[in-house]
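Notes for the one structure printed next.
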């Protein structure tokens, strides 16, 4: 009888311990910045180094068990981020500030956890995202951007009236951008020819500005296809250098043919600035 009661007490304590452990599990939101130069993109992949893989390995070390996180998107190899958002469940007694400090201590210098906060268990970084803001930076000045070269596409010199000139026609580019704003089928601007899901996206705004030798194109939309921002950038530059016309954007969109759009700009000039969520 005593042995039976002891066994029941042990099971009861085990159940209490299990419930307590379950209650500790918390969903956390991470705001992340990274230099994508030496990584094979965000998404976890076998046998290559990725941003997600690095962060998961550090969080797993901290938690003492395997941890998986969900990113708001999948940036390509070489693309950077100032405002990537991810979420993941952790079984830890550490505070958000302690989690942040631990992660940044063990992560390499080209990845930074900017913020950590506890969120509802229903929060999902990708599924709950309402919009994203990307910026592409080109250099059109006279001197080599020695200290910005890893984050800027130095445009080649194009011959205009016999004079080497990196300056595109920004007014023509902005006119072309107006055709791209709104809800369209952007299949012509998708780098994945085997894309089966919908290629319809909404672009809220495109701004193009030149300042002190740098040309920055900022894209704000509800979501972007694979390579879409880089193809948009290459296409707008084709307009800027006179090889396409602003009015051609209507034909490019209607064609749903990747070959009709411009070239894909290199990855290192692109940065994810922000992921937007509803109130």
Screening 124, 184 for residues that are outside the structural domain of residue 236 (by TED's automatic domain parsing), farther than 12 Å from residue 214 by Cα and modelled with pLDDT of 95 or more leaves only 124
Here is a check on your reading of the model: is residue 178 assigned to a strand (DSSP E or B) and more than 22 Å from the chain's Cα centre (by Cα)?
no
Restricting segment 140-165 to residues that are surrounded by 12 or more Cβ atoms within 10 Å (Cβ to Cβ), closer than 26 Å to residue 247 by Cα and touching a strand residue (DSSP E or B) at 6+ places or on another chain (Cβ under 7 Å), the one modelled with the lowest pLDDT turns out to be 158
Do we find a residue being modelled with pLDDT of 95 or more, more than 20 Å from residue 238 (Cβ to Cβ) and surrounded by fewer than 16 Cβ atoms within 10 Å (Cβ to Cβ) anywhere in segment 169-181?
no
Only one of these is surrounded by fewer than 18 Cβ atoms within 10 Å (Cβ to Cβ), in a loop (DSSP other than H, G, I, E, B) and touching a residue at least 40 places away in the same chain (Cβ under 8 Å): 38, 68. Name it.
38
Check segment 163-170 and report whether any residue there is within 18 Å of the chain's Cα centre (by Cα) and assigned by TED's automatic domain parsing to the domain that holds residue 266.
no
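The values are calculated or read from the model by the stated rules, or taken from the named source; none is laboratory data. Keep in mind the model is a prediction, meaning the values are calculated, not measured. Virtual Cβ from ideal backbone geometry, glycine too; neighbours counted across all protein chains shown.
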